[in-house]
Amino acid sequence: MSQVWSPDQLPASPVIRFRGLTKGLAGSCLRASKKTMKGKTMADIKIYGSPMSRASRVMWCAKECGVPFEHVDTPWDKLKEPSFLAINPNGKVPGFADGELKLFESLAINLYLAKKYSVGNLYPASVEDEGRVFQWTMWAATEVEPLALPSLLVQLGYSKDADGAKAAADKLPPVLKILDDALKGRDWLLGKKFSVADLNVGSVVSLTKYGKIDISYAANVSAWLERCLARPARNPGARE
């Protein structure tokens, strides 16, 4: 089953509206995407996977950029079939195609989307901030996810190792202190504007929320995470 998404479907809000907006993140993203997408069809960009899975990270990013895409809701039992393995040879979600280009790994796909369709908005314009985007994305994947994911797997019923999950989660405080210190006195990782760094890191740190890990000790992180998850472009039912 597939569904085509276009920027007009993003819900209006007091902060971000695609219709009638001439300034700010959403409006400039949409203008940039229209220019870049000239000559393309909506079906050129396809995102494969359940909207509850890590495919939701990529759908979130595409919506932030105002990029039309086709969502192909791929059942778990179809992930090892040749047709899907041609998209993602790992047999995991998400799968992603932009014309002839095929990519896997949700955080990497987001970097590609943001840089191709939203430089100066979701993706930073300076090489220094680009380095920070790489830094925080890699940090989230290597330092946070291995410690938070086991708790989510227990909550979803995919793992019965509650003790192991708790032991991993107990190692999070010194890790999240690094993020907490970085967010001191600022709303977003790169300063005053939401970026793909926040989207990628927020997607990973949200595992603590859905894994029922208490991170109230990191007040800056907790407040920032709620700001990230409240973005209109994000699927509120996702469990990244």
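Values quoted throughout were computed directly from the atomic coordinates according to the rules given, and no laboratory measurement underlies them. The structure displayed is predicted, hence computed values, not measured ones. Here the Cβ is made from the backbone with ideal geometry for all residues, glycine too, and neighbour counts use every protein chain on show.
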Past 32 Å, Cα to Cα, is the threshold; run Lys80/Lys160; Lys63/Lys166; Lys116/Lys192; Lys46/Lys160; Lys80/Lys193; Lys116/Lys171 against it and keep the listed order.
Lys63/Lys166; Lys46/Lys160; Lys80/Lys193; Lys116/Lys171
Could you go through the range 106-119 in sequence order and give the Karplus-derived ³J(HN,Hα) for each residue, using 6.51 cos²θ - 1.76 cosθ + 1.60 with θ = phi - 60°, rounded to whole Hz, and x for Gly and Pro?
4, 5, 5, 4, 4, 4, 4, 4, 5, 6, 6, 10, 8, 5
Counting other beta carbons within 10 Å of each Cβ, put Tyr158, Tyr123 in order, fewest first.
Tyr158, Tyr123
The range 127-229: relative contact order in percent, alpha carbon pairs under 8 Å with at least 6 residues between
36 percent
